[in-house]
Amino acid sequence: MSSKRPSSGLTTDKARSLRELLERYNYAYHALDTPEVSDAKYDALLQDLRDLEREHPELITPDSPTQRVGASPLVAFGEIKHRVPMLSLDNAFSEQEVRDFDRRVRERLNTSEPIRYSAEPKLDGLAVSATYENGRFTQGATRGDGETGEDITQNLRTIAALPLRLRGKGFPRVLEVRGEVFMPRERFERFNAQAAVRGDKVFVNPRNAAAGSLRQLDARITAQRPLDIFIYGTGHVQDGSLPVTHGQTMQSLRNWGFKLCPESRIVESLEECLRYYEEIGARRDALPYQIDGVVYKVDELELRRRLGFVARAPRWAIAHKYPAEEEITVIRDIEFQVGRTGALTPVARLAPVFVGGVTISNATLHNMDEVERKDVRIGDSVVVRRAGDVIPEVVRVMIERRPASAVKVLLPGQCPVCGSPVVRDEQQAVARCTGGRSCAAQRVEEIKHFAARRALDIQGLGDKLIEQLSASGIVKSPADLWDLQADQLQQLERMGEKSAQKILKSIQASKRTTFPRFLYALGIRDVGEATASALAQHFETLEALQSASKEQIEEVPDVGPVVARNVVAYLQEPENRRLLERLRAAGVTWPAIVRASAAGGLAGKTLVLTGTLSGMSREAAQAAIMDAGGKVTGSVSAKTSYVVAGTDPGSKLKKANDLGVAILDEAGLLELLRSSSRS
Ligand code: IVH
C-alpha cells in the first residue's frame with residue numbers, strides 16, 4: 001500500500017510536465033494524425049501519471065489525461081440550453097437541387113460571382129457541443145431539439161480525440177465548438193463482433209453505436225467505446241474573437257488542438273462543390289468512417305450573417321446526400337446458387353429494397369460458415385449493403401426483430417440443379433456439387449467465365465444469352481461456340497439477323513487471344529489472372545504446361561501445391577483434354593510468349609500499389625506493370641522495389657518509408673513504365 005504523502009513542489013512539477021507531454025502526444029496522434037511516440041510509450045507515461053496521482057490525489061485536475069476513464073454513473077442527464085441554437089441542414093438529393101441552392105445564395109447576396117464554400121463530408125454520427133472556458137473543457141451537450149440538449153460532459157471527456165485543455169494562445173475566454181461524434185467503421189465492426197461473442201447487443205450501424213455509447217449514464221461504459229470526434233464549427237463565443245472565414249476559423253481550431261476531418265476543403269465555386277461530391281463519393285467506401293453525404297457551407301462569415309436562416313436550417317449551407325448504402329429489409333427465402341467450380345453459394349431472396357442507388361432483391365450470403373456466423377434465417381429482418389459495384393450482401397441480422405417463425409437453412413445434401421451429391425471439405429468453408437459438367441449450372445457458368453471480358457472477351461455474348469443458348473441445348477461447352485450457326489442464334493427470343501451476325505463475328509474475333517487469357521478462361525480452380533499469367537510466362541506453350549509434373553508447376557513463383565494439384569488434375573482429365581483439342585482445332589491461337597526477363601524493363605521488380613490513382617484504375621496499372629515484366633504484390637517488404645502511392649495512401653506508404661523503399665507517385669509510375677518500355 002502506498003502511503004499518501006503531501007505533494008512537494010517537485011511532484012507538482014512532475015505531474016504537470018507529464019500531463020503536458022501526454023497532451024502533446026495526444027494532439028499529435030489525434031489532431032495531426034502523426035504519432036510522436038508508440039502506444040506503449042504513451043501508456044507507460046499515462047501509468048506514471050496515474051501512479052503519481054494515486055499517491056497525491058490533490059494533484060488531480062479535471063483536465064488531466066487520467067480523467068478520461070469516466071465518472072460514476074448519473075441518475076439522469078441534466079439539461080443544457082444552447083446559447084446559440086444548434087441548427088440542422090437542408091438536404092439536396094440531386095445536382096439540380098444543389099444548383100438551386102447556389103443560385104438562391106447568389107440572388108440573396110445580389111452577386112453573380114462564384115461563391116467560396118467549405119466542402120466537407122457529412123458524417124453519420126451524433127452532433128455535439130463542447131464548451132471551453134479559459135482553455136479548459138467545461139461542458140458537453142447533445143444537440144437535443146436544437147434549443148436544449150442533454151449534459152454529456154462526463155461522456156465527452158472520455159473521447160481521447162477531444163482536447164481537455166486547449167493548446168497555444170489566442171482562443172476566446174469562452175469557446176463553444178461543435179462537431180460530430182462517430183465510431184470509425186473498422187472499430188465498429190470489431191466492437192460488434194466482440195459484443196456478439198459476449199452475447200451482448202449488437203448495433204445496427206456505426207451511427208446507432210455512437211449515439212448509444214454517448215448517451216450512457218455511466219460514463220465508464222462510454223470510456224470503453226471506440227469513439228472519435230471531428231469538429232466542424234463553433235457556437236457561442238465570449239471575450240475574444242475568431243477569424244472572418246470558416247476556413248481560417250477551422251485552422252485556428254486545429255492549432256488549438258481540435259481534430260478536424262482531413263477531407264474538408266475550401267472550394268472556389270459550385271462546380272468545385274460538385275466535383276468534390278463525385279470525388280468523395282468514389283472514395284466513400286474506403287473512408288474509415290460512415291458518411292451519408294457532403295456539406296457545402298458558405299465560407300465567409302459576413303455572408304453567412306447576411307443570409308441568415310429559415311426555421312431550423314441556415315440558408316448558407318446544404319447537405320448533398322449520397323444514396324443510402326445500407327437498408328433494412330426482410331429475407332423471404334434462402335436459396336443455393338451453383339457456380340463454375342460447383343461451389344454452392346447461399347443467396348438471400350429479399351423483399352425488394354432501394355439501396356446504393358438501385359433496387360435489390362438478392363444478396364449473397366457467401367458460404368455456410370457465414371450463414372452460421374451471422375445466424376441468418378428465413379424471415380429475419382436484416383441490414384443489407386450495396387456499395388459501388390460490389391455485390392449486395394447481408395451485413396447483419398436484427399435479432400430483436402426475429403419472428404418466432406424464422407427458419408434456419410441447412411446445406412442441401414444434393415445439388416439443387418443436378419441432384420449430384422454435395423460435399424463439404426473439412427478445411428474449407430465451401431460446399432460443392434460433385435456433378436462437374438453434368439451439372440447444367442456448372443456448364444453454363446464455365447461458358448460465362450470463358451467468354452467474359454477478362455477471359456476471351458467475346459463481345460455481345462452476355463450472361464443472359466449464354467443462359468438461353470445453354471438452356472436450349474445448343475451450347476454445352478465453350479468449344480461449341482465455334483460451331484454456332486446464325487439460324488440457331490436467330491431462333492432465340494429478341495435476336496435479329498443483324499445481331500446474330502454481329503455475335504458470330506465477335507466469336508470469330510475472340511479466337512486471337514493471349515496465352516495468359518486463354519489459361520485464365522479455362523476456369524481452372526484457383527487459377528486467377530495473376531496465376532494464369534505466371535504459368536504462361538514460365539511454360540511459354542500449352543504443350544509444355546500439359547506435360548509438366550505437379551512438382552514442375554510448383555516451381556512457378558507464387559504457385560503452391562494446391563494450385564499445382566488443381567492444374568494437373570484439370571489438364572489430365574480426358575474431357576478437358578478433348579475441350580483443349582477442340583478449341584485449338586477451332587483456331588483459338590495466341591502469339592508466342594516473349595520472356596519477361598528479355599522483354600520487360602520491369603523484370604524482377606516488385607511493385608506495391610496504395611491509394612487511389614487518378615488517371616487509371618488499379619487493374620490497369622497492374623496490367624501495365626505486368627506487361628512490362630514486373631510483379632504487383634499486396635504487401636510491402638524490404639524486397640519491394642517501388643511503392644506507388646496515389647491519393648490517400650494507406651499504411652503501406654508508412655511501411656515503405658520505414659523500410660526505405662523507393663516511393664513513386666502516379667507520374668513517377670508512368671515515367672517508369674515509359675522508360676521500361678524503351679529499354
Ligand atoms: S454543420 C448549421 N457539418 O448533420 C450547420 N453538420 O442536419 C449544422 N453533420 O446535426 C451543422 N457532418 O449532426 C455540419 N460537416 C458537417 C456535418 C454535419 C455531419 C450532421 C450534424 C447535424 C446534421 C445537420
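Numbers for the structure displayed
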read-out: The chain: relative contact order as a whole-number percent, Cα under 8 Å and 6+ apart; value: 9
read-out: Enclosed volume per residue, in Å³, of the convex hull spanned by Cα atoms of the chain; value: 231
read-out: Rg [Å, one decimal], Dmax [Å, integer] - the range 62-185, C-alpha atoms; value: 18.2, 57
read-out: Under the Karplus curve 6.51 cos²θ - 1.76 cosθ + 1.60, θ = phi - 60°, whole-Hz ³J(HN,Hα) for the range 641-651, x wherever Gly or Pro sits; value: 7, 9, 10, 9, 10, x, 6, 6, x, x, 5
read-out: Within the chain, longest stretch free of exposed GluC sites (Glu not before Pro) [DSSP loop, at most 12 other beta carbons within 10 Å]; value: 269-425
read-out: More than 16 angstrom apart: percent of Cα pairs within the range 23-62; value: 44
read-out: Computed over the range 434-585, Kirkwood Rh from alpha-carbon pairs, angstrom; value: 16.2
read-out: Whole-Å semi-axes of the ellipsoid equivalent to the range 110-158 (Cα gyration tensor, √5λ, descending); value: 30, 15, 12
read-out: Environment charge of Val358, counting only residues whose C-beta is closer than 12 Å and scoring Lys/Arg +1, Asp/Glu -1; value: -2
read-out: For the range 385-442: Kirkwood Rh in Å [reciprocal of mean 1/r, alpha carbons]; value: 14.6
read-out: Straight-distance crosslink candidates among lysines, where the alpha carbon sits under 24 Å from Lys511 and sequence neighbours closer than 8 are dropped; value: Lys448, Lys464, Lys476, Lys498, Lys502
read-out: Rule-of-thumb Rg ratio for the range 587-656 [Cα; 2.2 N^0.38 Å; N residues]; value: 1.27
read-out: Within straight-line cross-link reach of Lys550, lysines at Cα separation under 24 Å, skipping those fewer than 8 residues along the same chain; value: Lys631
read-out: Binned Cα-Cα distances of the range 270-376, short to long, each 10 Å bin given as a whole percent; value: 12, 26, 26, 17, 11, 6, 1
read-out: Segments 158-170, 233-245 sorted - mean Cβ within 10 Å per residue, highest first; value: 158-170, 233-245
read-out: Radius of gyration and Dmax over the Cα atoms of the range 362-488, both given in Å; value: 18.5, 57
read-out: Residue order, fewest to most beta carbons within 10 Å, for Ser470, Ser94; value: Ser94, Ser470
read-out: Cys residues of the chain counted as unpaired, since no other Cys beta-carbon is under 4.7 Å; value: Cys261, Cys273
read-out: Rg in Å to one decimal, and Dmax rounded to a whole Å, for the range 162-211 via C-alpha atoms; value: 16.6, 49
read-out: Whole-Å semi-axes of the range 1-122's equivalent ellipsoid (Cα gyration tensor); value: 49, 20, 14
read-out: Compactness index (Cα Rg / 2.2 N^0.38 Å), the range 424-510; value: 1.22
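Read-outs throughout are calculated quantities, based only on the coordinates presented, and are distinct from any laboratory measurement. Since the structure is predicted, the reported quantities are computational estimates derived from the model, not experimental observations. All Cβ positions, glycine included, derive from the backbone under ideal geometry; neighbour counts span all protein chains shown.
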